[in-house]
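The values are calculated or read from the model by the stated rules, or taken from the named source; none is laboratory data. Because the structure is a prediction, the values reported are computed rather than measured. In case anyone asks, the SASA skips ligands and DNA or RNA and just uses the protein heavy atoms, side chains included. Shrake-Rupley method; radii C 1.70, N 1.55, O 1.52, S 1.80 Å.
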Amino acid sequence: MLELFITFFKLGLFTIGGGVAMIPILQNIAVNEKKWFTAEEALDVISVCQSLPGVIAINMATYVGFKRKGLLGSLVSTVGVVLPSFVVIILVAKGLSAFGDNPYVMGALGGLRAAAMGLVMIAVYSIAKGVIKDWFSGISSLAGILLIEFTNMSVVLIVLLFLVTGILRSLWNTRREGVLK
């Protein structure tokens, strides 16, 4: 339990840019360092946690904690990842109200935004590398981006659309393989 708490506390403390920026760091820890998951299982964790309501960092902490140590593990991991943000947000809110117009503070925030963007870009690349394995996943990814960017369609509907599309593709492939035998 202590390992889960410390792992997620450090993730919550040192991940700048939110839950998406946490993805490559958590992948490295869970797959390479601690061997909690295979690379394929880690992609499944990310997919599940991204498609659920709520913040992905909390979803991932809860999921990983549950898989490792059950309900108590999910609670410990979730508290671990949330606690640093809770404390830091209170401190930053107090500090920004006192020093918000300071050019050094504004410069530091600009640097943090740039670092966060870099972490998000790494997460996108890391996920894309593991997910886009064939023409179907590549076209589906591009279609998802285009639907989100250029339509007013709800993201929930887009997720459901591709969930159904993936199931239909699996059914088609299974049926086609049965016919070819």
The range 39-100 versus the range 103-172: alpha-carbon centroid distance in Å: 19
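Would you work out if the range 1-45 is rounded, prolate or oblate? Take a ≥ b ≥ c from the square roots of the eigenvalues of the alpha-carbon gyration tensor; rounded if a/c is under 1.5, else prolate when a/b is larger than b/c, oblate otherwise. Intermediate results must be reported in sequence, preceding the final value.
Numbers: a/c = 2.28, a/b = 1.19, b/c = 1.91.
The shape class here is oblate.
Scan the chain and note any complete DSSP helix (H) whose C-alpha atoms cover at least 20 Å along its axis and whose Kyte-Doolittle average is 1.0 or more. Write down the numbers at each step before the final one.
Details: long enough: 56-99 (43 Å, 1.42); 103-131 (42 Å, 1.32); 135-150 (22 Å, 1.54); 155-180 (37 Å, 1.35).
Those that pass (Cα extent of 20 Å or more, hydropathy at least 1.0) are 56-99, 103-131, 135-150, 155-180.
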Gaussian network model of the chain, springs between alpha carbon atoms under 10 Å - residue of Ala116, Ala128, Ala98 with greatest fluctuation: Ala98
Nonlocal amide H pairs with Thr15, under 5 Å, H built at 1.01 Å: none
q = 0.16 Å⁻¹, the range 28-166: log10 I(q)/I(0) [Debye, one scatterer per Cα]: -1.09
Top of Val64, Val155, Val31 by mean-square fluctuation, Gaussian network on the chain, Cα under 10 Å: Val155
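Quick check: from the Cα gyration tensor, does the range 116-181 come out rounded (a/c under 1.5), prolate or oblate? Mind dumping the intermediate values first?
Numbers: a/c = 3.27, a/b = 1.62, b/c = 2.02.
Verdict is oblate for the range 116-181.
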Most fluctuating residue given options Leu160, Leu119, Leu43, as computed from a GNM of the chain linking Cα atoms under 10 Å: Leu160
Taking the chain and dividing mean pair separation by its residue count, relative contact order in percent (alpha carbons under 8 Å, at least six apart): 26
Accessible area of the chain divided out per residue, in Å², using a probe of 1.4 angstrom: 66
